[in-house]
1. Give or take rounding to whole Å, what are the principal axis extents of the alpha carbon atoms in the stretch 337-426, in descending order?
2. If I model a spin label at GLU253 and ASP57 as a point 7 Å from the Cα along the Cα→Cβ vector, what separation in nanometres do I get?
3. Which ³J(HN,Hα) values in Hz, rounded to whole numbers, follow from the phi angles of the stretch 80-94 under the Karplus curve 6.51 cos²θ - 1.76 cosθ + 1.60, where θ = phi - 60° and Gly and Pro get x?
4. Go ahead and estimate [θ] at 222 nm for the chain from helices alone: -39,500 (n - 2.57) per DSSP H run with n ≥ 4, summed, over the residue count, rounded to 500.
5. Provide the gained length on full extension for the span ASP23 to LEU334, in nm with one decimal, where the gain is 0.36 nm per separating residue minus the Cα-Cα distance.
6. Evaluate the chain: find the radius of gyration of its Cα atoms, find its Kirkwood radius, and give the ratio Rg to Rh.
7. So what's the angle, to the nearest 10 degrees on a 0 to 90 scale, between helix 169-178 and the longest Cα principal axis of the chain?
8. Ranked by Cβ crowding within 10 angstrom, fewest neighbours first, how are PHE106, PHE322 ordered?
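Values in this text are rule-based calculations from the coordinates and carry no lab data. Note that the structure is predicted; figures quoted are calculated from it, not measured. Heads up, the Cβs are rebuilt from the backbone with ideal geometry, glycines too, and the neighbour counts pull from every protein chain shown.
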Amino acid sequence: MPAILSEIVDRRLGEVVRRRLDDEPVVVLQGPRAVGKSTLLQALAASRDREIVDLDDLATRDAARADPALFVRGQAPVLIDEFQHVPELLDAIKAELNRDGSPGRFVLTGSTRYATLPAAAQALTGRAHRIDVLPLSQGEVAGIREDFAEALLSDPLSLVDPRLSAIAREEYVSRVVAGGFPPVLRRARPADRARWFDDYVNLVIERDVMELTRVRQRRQLPLLLRQLASQTAQVLNIAKAAARIGMEKSTAENYTKLLESVFLVHQLPAWGTTLGSRIGAAPKIHVVDSGLAARLLRLTESKLGTASAAALTEFGHMLETFVVGEVCKQLDWLDAPVQRGHWRTHDGEKVDLILEREDGKVAAVEVKAASRAPASELRGLLKLRRKLGSQFLGGVVLYTGARAYTHDRNLHVVPITRLWNTRISA
């Protein structure tokens with residue numbers, strides 16, 4: 001089990017927010033509850049000597065609804081926590097920006113996706129820059145400054161380190177089951193962590209989902225969430241999930257969007273559909289945190305640690321969700337936007353994560369829950385390389401083995417520990 005988290009964590013997004021405020025009039029920090037959005041806002045408030053408008057406080061919420069204009073005035077940046085509770089504030093912010101649209105005017109945090117709020121669709125179009133705040137990365141937990149995504153997108157060969165990884169499979173299982181939610185990492189006992197996850201899901205569904213819209217089949221939302229968790233790191237099959245809980249497919253589609261809106265799950269779109277008619281177009285589904293996915297499926301360290309075929313398959317899916325999550329967190333720290341997706345052909349070849357730079361260069365990641373990566377496991381990367389030619393920057397197989405090496409020209413095999421550069425020994 002990972003060590004208990006210290007109270008102070010240096011979030012890489014802090015410096016990102018400060019950079020964005022130099023250019024953008026409104027910065028929106030959006031992400032799941034309990035990942036540290038308010039903590040980021042508090043640090044910014046302390047550095048700028050500002051007060052925070054906390055809309056989780058019911059009295060403040062009522063006052064903001066009564067007089068939205070009052071709450072968006074003041075010296076920049078105006079800091080508003082959990083703004084989705086009073087979406088009327090967005091129109092008041094728009095009016096303020098019409099008078100003064102200079103950079104650094106507002107920082108908002110929200111536990112609901114900005115684009116899903118009815119008023120948000122029009123109020124700040126073109127003026128709000130969104131930053132996803134996700135659970136803690138492994139490097140943030142350990143106090144290490146990661147550079148995996150940056151290296152992959154600039155020089156994949158630099159990921160091939162001659163030193164050996166010292167992490168055993170058991171620790172990978174432990175990290176996957178723990179995930180990255182700070183309140184979970186501050187709890188030592190598995191029972192306490194499980195209870196927190198259960199309370200968390202109930203809170204998000206009862207408060208955030210119900211605040212977005214009326215849900216006629218509210219009791220089925222947790223059941224649908226578990227069905228989606230059972231598909232994590234797999235091509236999304238909403239019809240299958242709906243059938244298993246006796247729900248209409250159209251209803252399941254709408255409810256899946258709601259669960260995405262409150263950051264319980266996210267879809268990784270298919271990439272490269274223009275490469276040929278034999279490319280799959282369906283997205284993959286991922287639970288936002290591997291620890292949450294494990295709890296939804298009642299997968300403990302002991303269950304995932306067994307040598308059964310079922311446990312090995314489940315661990316493979318959990319590990320892919322864990323790795324995709326870690327890479328996406330690092331991508332959010334970069335200045336240049338990176339398109340993300342997965343690639344799958346109808347004849348079964350696949351690549352778990354595709355990253356496309358602005359110039360069209362492509363890097364690829366395949367995740368393997370094994371300590372060996374034979375040539376057969378690189379078929380998807382090889383096929384992608386052939387199709388892309390000079391557009392292909394490089395591909396990496398991340399596996400649980402100890403040694404990094406180059407398999408073939410711009411195709412490399414690298415221990416998963418390289419994601420956070422920790423526990424490397426000569």
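1. Principal extents (largest minus smallest coordinate, Cα): 36, 31, 21 Å.
2. About 4.4 nm separates the two model spin labels.
3. 10, 9, 6, 5, 5, 5, 10, x, 4, 4, 5, 5, 5, 5, 4
4. -11000 deg cm²/dmol, from helical runs alone.
5. 110.4 nm
6. 0.96
7. Helix 169-178 sits at roughly 20 degrees to that axis.
8. PHE106, PHE322
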